[in-house]
1. Based on the mean of other Cβ atoms within 10 Å per residue, sort peptides 10-18, 114-122 so the most packed one is first.
2. Distance in nm between label sites at Thr19 and Thr60, each 7 Å beyond Cα in the beta-carbon direction?
3. Given the rule -39500 (n - 2.57) for each run of at least 4 DSSP H residues, summed and divided by the residues of the chain, what is its mean residue ellipticity at 222 nm, to the nearest 500 deg cm²/dmol?
4. Specify the angular offset, from 0 to 90 degrees and rounded to the nearest 10, of the alpha carbon long axis of helix 122-136 from the longest principal axis of the alpha carbons in the chain.
5. Calculate the FRET efficiency for Glu30 and Thr117 from the Cβ-Cβ distance with a Förster distance of 22 Å, rounded to the nearest 0.05.
6. Here are some values of mean projected area of the Cα convex hull in nm²: [x] 9.2; [y] 11.8; [z] 10.8. Which one was computed from this structure?
7. Computed FRET efficiency, Cβ-Cβ of Ser157 and Leu6, R0 30 Å: what is it to the nearest 0.05?
8. Rank-order 140-146, 74-80 by packing density, defined as the average count of other C-beta atoms within 10 Å over each peptide's residues, highest first.
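Each value in this text was obtained by applying a stated rule to the coordinates, not by laboratory testing. All of these numbers come straight from a predicted model, not from anything done at the bench. Cβ coordinates were reconstructed from backbone atoms using ideal geometry, including for glycine residues, and neighbour counts include every protein chain displayed.
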Amino acid sequence: MAEGELCGGDLARLEQHVTNLEAQLSTNLEGKVDVYLWRSSLSELGDYCANDWGCYHRETRTIYASEGSLGHELVHALAIPLGDPSPMWSEGIAEALDMRRSFHGPVPPSDNFFRGTEEVSYASAGHFVRWVWDRHGSQAVRDLLTAPEDPELAFESIT
């Protein structure tokens, strides 16, 4: 989105993204999610998030995001009802299904299995989840998001 006010086209695009995510994840966004959007001064997000990119607070159903990270945070809002997966899977699904292309990251995907949110390579996790989706299907990814065991065992048991 360009600098300035949001227009109807922006909102329609975001609503279409939510509709697409609901279909892809076989879930529905229940109720409302409050969205606070920053255009430029990302350092202000630090007042609300642990990072400068954006975040989704499940307790309050609130997104704080820059324009570039809004698609990612919307995925979190839609995927949350599926479970509370490890950062590998939660950040991976958000990267794989946001409104941008996924790229292979600098870290081997298996290195992400036991990393925390701040350490996981979003690019590698997103690329890997996209591969799992393409190779094993959307149900396998949904199963990974709901699997209670550790991420590596979940992957081995589902694929």
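1. On the way: 10-18: 13.7, 114-122: 15.7.
Ranking, from highest mean packing down: 114-122, 10-18.
2. Reported label-point gap for Thr19 and Thr60 is 3.0 nm.
3. On the way: 6 runs with 71 residues, N = 159.
When only DSSP H runs of four or more count, the value is -14000 deg cm²/dmol.
4. 60
5. Details: r = 24 Å, r/R0 = 1.10.
About 0.35, to the nearest 0.05.
6. From the options [x] 9.2; [y] 11.8; [z] 10.8, the structure gives [x].
7. Working: r = 43 Å, r/R0 = 1.44.
The value I calculate is 0.10.
8. On the way: 140-146: 20.0, 74-80: 22.3.
Descending mean neighbour count gives 74-80, 140-146.
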